[in-house]
Each structure stands twice: as C-alpha cells, then as structure tokens.
Amino acid sequence: MPEPIDLEYDVAADDYQTAGEASSNLKETLKILGISSSVCRRAAVITYEAEMNLVIHGGGGRIIANIDEDKVEIMTVDRGPGIPNVELAIMEGYTTASDHAREMGFGAGMGLPNIKRNADIFEIETEVGVGTTLRAVIKL
C-alpha cells in the first residue's frame, strides 16, 4: 500500500435508515486493498458498533478511518452527552439506549464490548456534557 488512505463519514443522530453505511463502505475498501478477511470483519464490527453508538447515544458525529501499511485505525468523534462511567459502559449488557432504540432491536449493551474485543488498541476519551472520542486500532 503506497500511500495511507483516510476516509471520513458523517453520521446523523437517530438516523437508523442509513446506519451501517460507513461500516459497509470501509469493509469494501479494505477488501479492494487486499486486506485479510479477518481484519475486514473486525474493522466492520468496530465501525458498525461505533456508528450505532453515534446514532443512538452520541447525537451523531463523525467516523474517521486511517488505513496504512501496518494498521487500520478507526476513530469516532461526537458532541453528545459523554459517558459518565466508562467502566460500566464497557460491561456487556449495560445500556443507556432509549426504549425506542431497544424496540427496534438496538441498544443491547454490546457495542463497546464488541469494539474492545475486536481492537488491538481501544481508547475512549469522554467528558460529560462535552462528548466522546473513541479510538480503535487493528494491527496488520
């Protein structure tokens, strides 16, 4: 891969219709680049879960994916409510999703655990009332 590739996606709050497009696009890009199927799958899971968190919790935001010869880095940035307790938020099954999101089958409390499980590096910076930045890296 001669040059690093940067991709950016805007994700709207409460837009369940287009949720998943960024993760599908990133997965297809990685396949075209000849990245292994296991990395493509892990990147798709991370991006999808992060995208849904932006839709459900973050008030929308942006996904930034950087692909280079030794890693795929996926970041999300939102200006949502922030996460009051990150330790609690990364526990499987913990959710603050609205009844509306849960009625549609989302918000089961597996988003952050799935991101963490599929990433080689997982970082969250959050401030209540300001927003959250998530960073997940898959080493190639």
Notebook entry, point to check: Using mean Cβ contacts within 10 Å as the protection proxy, how do 44-50, 87-93, 7-13 order, highest first?
Noted result: 44-50, 7-13, 87-93
Checklist line | Cα-based reach from residue 139 at 14 Å (exclusive), listing aspartates and glutamates while leaving out same-chain residues under 8 positions away | finding: 68, 69, 70, 73, 120
Item checked: Label point distance in nm, residue 24-residue 88, each placed 7 Å from Cα along Cα→Cβ -> 3.6
Checklist line | Backbone N within the range 74-97 under 17 Å of label point (7 Å from residue 127 Cα along the Cβ vector) | finding: 77-86
Checklist line | Unit Cα scatterers, Debye sum, the chain: log10 I(q)/I(0) for q = 0.13, 0.21 Å⁻¹ | finding: -0.51, -1.30
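Throughout, read-outs are computed from the coordinates displayed, never taken from laboratory work. Nothing here was measured: the structure is a model prediction, and the numbers come from that model. No Cβ is skipped: glycine too gets one built from the backbone with ideal geometry, and neighbour counts run over all protein chains shown.
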